[in-house]
Amino acid sequence: MKEKNKHIILKTENLSIGYKSKKDTSVIADNINIELNQGELIGLVGANGIGKSTLLRTLTSIQEPLDGNIHLNEKALENYSAIELAKTMSLVLTEQLMSKNLSVFELIALGRQPYTNWVGNLSDNDISIINKAIEQTNLSNLKHRKCLELSDGQLQKVMIARALAQDTNLIILDEPTTHLDMYHKAYILKLLQKLAKETNKTILFSSHEIDLAIQLCDTMVVMTNSQVISDSPCNLIEKSVFESLFPKDLISFDKKTGSFRVK
Amino acid sequence: MNTKYTYTFIFLSILLLLCFLANISLGSVSVPTKEVFSSLLGISDNYIIQNYRLPKAITAILVGSGLGISGLLMQTLFRNPLAGPFVLGISSGASLGVALVILGSGLFGGVFATLLISKWSIVIAASLGSFLVLLAVLLVSSKVRDTMAILIIGLMFGSITAAVVSVLSYFSSAEQLQQYIFWGFGSLGNLSWNELFIFFCIYVFGIVLTIVSIKALNTFLLGENYAKSLGLNIKQSRLIIILATSLLAGTITAFAGPIAFIGLAIPHMTRQLFNTSNHKILLPAVFLFGAIVMLICDSIAQIPTSDYTLPINAITSLIGAPVVIWLLVRKRKMTF
């Protein structure tokens with residue numbers, strides 16, 4: 001199976017995203033053509049309000065595209081049933097959990113919902129997949145703790161483990177590093193890099209940690225006012241894409257170090 | 001994983017049995033314990049035990065567990081620890097239905113009125129009223145994202161109801177008013193075996209719908225977008241949960257009147273005791289706990305060996321509210 005290393009998991013064709021109401025449509029970004037390959041870690045970056053969340057919401061079928069196509073595993077996204085989609089794509093969102101009064105194990109076990117029977121009983125297979133997810137995210141020592149006792153960083157790991165337990169080709173994370181300190185930002189992204197390699201899953205995340213993303217991602221999707229461009233971080237640096245991310249009055253991109261500097 | 005709860009469940013089951021027996025043994029007429037047991041086992045016939053106290057005790061179990069469970073369903077669905085049948089106006093819907101039947105019958109006049117005020121018309125009116133209000137709340141909640149707004153809308157439904165009821169009472173006779181007020185006190189003791197059977201059937205239907213929803217309820221703990229990403233059909237699950245709640249809360253209010261407090265408090269007591277939000281554990285625990293609390297409240301309301309019976313509605317709040325306060329103060333924080 002390894003020769004399928006360049007197997008495309010998700011592909012958009014002339015995708016146009018935005019909001020449509022009865023009166024008018026507001027296009028946030030258009031002409032988006034990106035390909036996400038199996039086993040890659042992909043970072044989505046862009047300034048505030050550029051449409052990262054809208055793009056993620058569209059790719060995850062929470063919101064309809066204005067125009068163009070999205071193919072997931074060579075099948076049109078709109079043709080997926082809810083359960084099929086849940087078995088192909090898992091999410092880590094920014095929204096707060098409604099209840100944290102569950103053990104870490106119980107919360108991760110909820111990732112098995114698309115596979116379990118009508119009362120949600122776990123089979124031996126489910127339990128071994130959950131335990132594997134717990135191992136891969138180094139949560140074994142927290143397994144029986146309540147989620148309300150955890151720090152933000154630990155909780156983020158639990159949410160990633162839950163997505164792993166859902167056993168999908170593609171994991172999409174919306175700003176997984178917000179609220180975390182510098183160490184844990186690096187820790188979470190490093191963990192995602194490790195998981196993409198080990199499990200051969202495609203992991204797409206949006207983030208403001210451009211410096212870290214440049215160092216860790218296989219591919220980056222950069223959203224600017226004029227275009228949405230995806231390539232390897234090195235090529236993007238050479239094409240001077242990062243320079244166009246922000247207004248130039250305060251910060252500038254240093255090509256040598258691959259990071260931003262305050263002027 | 002569930003072994004640590006096993007002992008608690010065994011303890012609660014034994015406690016339920018004891019409360020059940022105590023509830024039947026106590027009352028204004030003292031019946032010797034020996035005779036209580038023999039008539040329960042069908043060896044001897046005791047009219048009070050078999051046709052009054054036994055159905056009353058069973059009603060208490062159904063009412064306590066049913067209200068507790070419907071409160072739990074609402075709290076999870078609306079992601080709000082303040083939710084319960086009363087806050088969301090289900091019970092006020094039922095009250096409006098009953099008020100229309102009892103008080104409004106005067107407006108329709110004469111023969112028609114006596115036809116209307118049968119036990120069944122009250123039951124049907126209460127069920128319909130609660131179902132319509134819940135449907136309205138649901139409709140609004142699909143438009144409004146803010147859960148606080150939904151609660152306020154529920155309260156608004158409550159005050160609209162109160163207003164309509166007071167207009168109706170203005171035009172009603174003293175007897176009609178009395179009948180309505182007595183219904184509002186709540187009562188567990190007025191059910192014949194036939195009525196209890198109907199009550200039980202609808203109750204079981206509501207419980208079945210609840211059990212079917214266990215998986216969805218646990219998924220809702222993650223929040224709606226996560227639930228959707230796990231392939232849950234949110235609209236369908238919501239509808240089933242709301243149907244279960246309105247069947248349980250509506251029928252209970254219809255047969256036993258608007259019983260305060262239980263629906264809101266039992267889920268909180270249970271969460272504090274069991275310290276989990278997992279519905280597979282919470283649901284049976286709420287069932288046992290609600291039934292126990294209701295049996296105790298009813299025993300107290302009877303004031304053993306006296307001729308008085310206090311309104312059950314007053315007792316549930318008098319006994320229950322301090323317990324909830326004590327539990328929250330003792331743990332210093334609420335787990336939801």
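Over the whole of A:99-112, what's the average partner chain Cβ count within 10 Å per residue? Rounded to a whole number, please.
Per-residue shielding by partner chains comes out at 5.
Output the Kirkwood hydrodynamic radius of segment B:137-269, Cα pairs only, in Å rounded to one decimal.
One decimal place: 17.5 Å for the Kirkwood radius.
At 10 °C and 1.306 mPa s, grab the translational diffusion coefficient of segment A:146-263 from Stokes-Einstein with a Kirkwood Rh over Cα pairs, rounded to a whole number in µm² per second.
102 µm²/s
Average projected area of the Cα convex hull of the protein assembly as shown, in nm²?
Directional mean of the projected Cα hull area for the protein assembly as shown stands at 33.8 nm².
Amide H to amide H, which residues 5 or more places from B:Ser28 or on other chains are under 5 Å from it, using H placed in the peptide plane?
Those qualifying (amide H under 5 Å, at least 5 residues apart or on another chain) are B:Thr305.
How large is the dipole of the protein assembly as shown about the Cα centre if only Lys and Arg carry +1 and Asp and Glu carry -1, each at its Cβ, rounded to the nearest 20 debye?
In debye, rounded to 20, the protein assembly as shown gives about 780.
What is the diffusion coefficient of segment A:180-238 in µm²/s, taking the Kirkwood radius over Cα pairs and the Stokes-Einstein relation at 25 °C with a viscosity of 0.890 mPa s?
199 µm²/s
To the nearest 20 Debye, how big is the dipole of segment A:1-60 about its Cα centre, given +1 on the beta carbon of each Lys and Arg and -1 on that of each Asp and Glu?
Roughly 200 debye, rounded to the nearest 20.
Counting only DSSP beta bridges with both residues in chain A, tell me the antiparallel percent, nearest 5.
Counting only bridges with both partners in chain A, antiparallel ones make up about 60 percent.
Sort B:Ile124, A:Ile210 so that the residue with the fewest other Cβ atoms within 10 Å of its own Cβ comes first and the one with the most comes last.
B:Ile124, A:Ile210
Give me the extension gain from A:His179 to A:Ser226: residue separation times 0.36 nm, minus the current Cα-Cα distance, reported in nm with one decimal.
So the extension gain works out to 14.0 nm.
Please name which of A:Ala133, A:Pro176, A:Leu189 has its Cα lying farthest along the dipole of segment A:70-224 towards the positive end, using unit charges on Cβ (Lys, Arg +1; Asp, Glu -1) and the Cα centre as origin.
Most positive-ward Cα: A:Ala133.
Any idea which of B:Phe261, A:Ala29, A:Thr54 is furthest toward the positive side of the dipole for the protein assembly as shown, if Lys and Arg beta-carbons carry +1 and Asp and Glu beta-carbons -1?
Sorting the options by dipole projection puts first B:Phe261.
Per residue, how much space in cubic angstrom lies within the convex hull of the C-alpha atoms of chain B?
Dividing the Cα hull volume of chain B by its residues yields 147 Å³.
So how far apart, in nm, are the two label points at A:Phe260 and A:Asn117 if each is 7 Å from Cα heading toward Cβ?
So the two model labels end up 5.3 nm from each other.
Sort the following peptides by mean Cβ neighbour count (other Cβ atoms within 10 Å, averaged over residues), highest first: A:106-113, A:24-31, A:92-99.
Going by the mean number of other Cβ atoms within 10 Å, highest first, we get A:106-113, A:92-99, A:24-31.
For chain A, what are the DSSP H helices with axial Cα length of 24 Å or more and mean Kyte-Doolittle hydropathy of at least -0.5?
A:182-199
What's the magnitude of the charge dipole for chain A around its Cα centre, counting Lys and Arg as +1 and Asp and Glu as -1 at the beta-carbon? Answer in Debye, nearest 20.
Result for chain A is approximately 380 debye, rounded to the nearest 20.
How far apart, in nm, are the 7 Å Cα→Cβ label points at B:Leu15 and B:Phe185?
Here the answer is 2.9 nm between the modelled labels.
Please give the FRET efficiency for B:Glu224 paired with B:Val31, using the beta carbon to beta carbon distance and R0 = 45 Å, rounded to the nearest 0.05.
Rounded to the nearest 0.05, the efficiency is 0.25.
What helices does chain B have that are whole DSSP H segments, at least 24 Å long along their own axis by Cα, and with mean Kyte-Doolittle hydropathy of 0.5 or more?
B:3-25, B:54-77, B:119-143, B:147-170, B:193-212, B:234-256, B:279-301, B:312-331
Please name whichever of B:Ile153, B:Tyr180, B:Leu67 sits farthest to the positive end of the charge dipole of segment B:19-331, dipole taken about the Cα centre and charges placed at Cβ: Lys and Arg +1, Asp and Glu -1.
Result: B:Ile153, furthest along the dipole toward the positive end.
Can you give me the C-alpha center-to-center distance between segment A:158-188 and segment A:1-53, rounded to a whole angstrom?
Taking the Cα centre of segment A:1-53 as reference, the centre of segment A:158-188 is 19 Å away.
In segment A:96-167, what is the volume of the convex hull around the alpha carbon atoms, normalised per residue and reported in Å³?
Normalising the Cα hull of segment A:96-167 by residue number yields 86 Å³.
Neighbouring Cβ atoms within 10 Å as the yardstick, rank A:Val241, A:Val104 fewest first.
A:Val241, A:Val104
For chain A, restrict the atom set to alpha-carbon positions and state the Rg and Dmax in Å.
When restricted to the Cα atoms of chain A, Rg and Dmax are 18.8, 59 Å.
Of all DSSP beta bridges in the protein assembly as shown, what percent run antiparallel (nearest 5)?
About 60 percent, rounded to the nearest 5.
Work out, in µm²/s and without decimals, the Stokes-Einstein translational diffusion coefficient of segment B:259-303 at 4 °C, 1.567 mPa s, Rh from Kirkwood over C-alpha pairs.
118 µm²/s
Please tell me which of these pairs span more than 32 angstrom C-alpha to C-alpha: B:Lys56/B:Lys280; A:Lys11/A:Lys157; B:Lys119/B:Lys280; A:Lys23/B:Lys215; A:Lys23/A:Lys100?
Listed pairs above 32 Å: B:Lys119/B:Lys280; A:Lys23/B:Lys215; A:Lys23/A:Lys100.
Bear in mind that the values in this text are calculations on the coordinates, not laboratory data. Worth saying up front: this structure is predicted, and the values here are computed from it rather than measured. Cβ coordinates were reconstructed from backbone atoms using ideal geometry, including for glycine residues, and neighbour counts include every protein chain displayed.
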